Each structure stands twice: as structure tokens, then as C-alpha cells.
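Taken together, the values in this text are just the output of simple stated rules run on the coordinates, not laboratory data. Quick caveat, the model's predicted, so the values are computed rather than measured. Heads up, the Cβs are rebuilt from the backbone with ideal geometry, glycines too, and the neighbour counts pull from every protein chain shown.
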Amino acid sequence: MAEPAGRRRLLANRERRMIRPAVEEDLPRIVVIVRAAYARYLLRMDRLPGPMLDDYRARIAEGAVELVEDAGTVAGFLVLLERAGHLLLDNVAVDPAFQGRGLGRALLAHAEAEARRRGHAELRLYTHETMTENVELYRSLGYEETHRAEEDGYRRIYMNKRL
């Protein structure tokens, strides 16, 4: 029996994707993605979003950055930081030109799988309170708000997901 067209398209898209650790040569593309992905928040915030200020060279060196490629092009990435008792999803970003293809969700699923692989029962994240689309996405994926606080001048919403 033939696969339905939608399922064939989904399978083809998955075959074009690959998640891998970032290397130094990926740094310029990561910087482009961060600028593009967070540009829409500049008018909502009174300062640059935190991810636009991160030291991705250092994050790559510590092995914290993983990329998603779509048909050989780096389309997005995430930053995972080991913490006592949990894994912190410090950042997830997808190039706007690649958004709407499920890459962000694929990265989030990868983060959950990685947390389990490392023996964690919880994945945590935070986002700025003005990034309301992100909060709704995280809620739809089973994340729960734990608290809100100001940290480093950013009004953040902290969320977690029990795995």
C-alpha cells in the first residue's frame, strides 16, 4: 500500500535533516542564525536578547552546541548546559527562512532525548516574558511555568518538563 502524500513528505523531510555537534567552522552560521531569529524581538525589549550576547565560540568549545541541518544547510541550533539534577536548554534558534518546517520541534525533541540519555528526569528552560510565542509553544509541548524573575536585567519566565 502506498504511503499518503503527507506522510511521504514528512519522511522525506526527516531524511534531509541531521542533528550534529557544532564545530568551530559553524560559528559564522550560528551568529547569522542568532541575529535573524532574535531580530523580531528587538522592538519588544529594552535591550538585546540574551542569546545575541552569548559567546558561541566558548559554547562550541565546551560541546554545548548542536545543530540541525536541512538538506546540508545549517538551519538552527540549540545550546544544552549540564546542571545539577537537570539539563538546561539555554537557547534554541531556527533561521526564519527555515521556520515552519518542524526544525524547532525536532531540536526540542532532541534536547529531551539528550536529557534522558544523560540520566536526567527534567529539562529546564527560560525565555523572556515578551517572547509570548515561545511560551505558548513550550506549553503545548508539555512544559510548565515554574516561576518568573528578573535576572541580569531580563524579565524571564522559567519552565520545566518532567521526562
Worksheet, complete the sentence: Between the residues ALA106, HIS86, ASN160, the Cα farthest towards the positive end of the dipole of the chain, that dipole coming from +1 and -1 charges on the beta-carbon of Lys, Arg, Asp and Glu, is from ALA106
Practice prompt. Add +1 for every Lys or Arg and -1 for every Asp or Glu among the other residues with Cβ under 9 Å from the Cβ of VAL79, and state the total.
Written response: -2
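In units of 2.2 N^0.38 Å, what is the alpha-carbon radius of gyration of the range 90-163?
Details: Rg = 12.7 Å, N = 74, 2.2 N^0.38 = 11.3 Å.
Scaled against compact globular proteins, the figure is 1.13.
Which whole DSSP H helices in the chain pass both tests: a Cα extent of 18 Å or more along the axis and a mean Kyte-Doolittle value no lower than -1.0?
Numbers: long enough: 103-117 (21 Å, -0.25).
Flagged H segments are 103-117.
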Worksheet, complete the sentence: In nanometres, the difference between 0.36 nm per residue of separation and the alpha-carbon distance of ALA39 and LEU27 is 2.5 nm
Worksheet item: When the helix-only estimate is applied to the chain (DSSP H runs of n ≥ 4, each -39,500 (n - 2.57), divided by the residue count), what is the mean residue ellipticity at 222 nm, nearest 500 deg cm²/dmol?
Response: -10000 deg cm²/dmol
Worksheet item: Charges only on Cβ, +1 for Lys and Arg, -1 for Asp and Glu: so what's the dipole of the chain about the Cα centre, in debye to the nearest 20?
Response: 600 debye
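What net charge is computed for the residues neighbouring GLU129, neighbours being all others with C-beta under 9 Å from the C-beta of GLU129, Lys and Arg scored +1, Asp and Glu -1? Intermediate results must be reported in sequence, preceding the final value.
Working: positive: ARG148, ARG155, ARG156; negative: none.
So the environment of GLU129 carries a net charge of +3.
What FRET efficiency do you get for THR73 and GLU151 if R0 is 22 Å and r is their Cβ-Cβ distance, rounded to the nearest 0.05? Numbers along the way, then the final one.
Numbers: r = 34 Å, r/R0 = 1.53.
Taking R0 as 22 Å, the efficiency between THR73 and GLU151 is 0.05.
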Practice prompt. For the chain, state what percent of all Cα-Cα pairs lands in each successive 10 Å bin, counting from 0 Å until the bin that includes the largest distance.
Written response: 10, 37, 38, 12, 2, 0
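After finding the eigenvalues of the alpha carbon gyration tensor for the range 42-134, what semi-axes result from the square roots of 5 times each, listed largest first in whole Å? Mind dumping the intermediate values first?
Working: eigenvalues 85, 62, 40 Å².
Calculated on Cα positions only, the semi-axes equal 21, 18, 14 Å.
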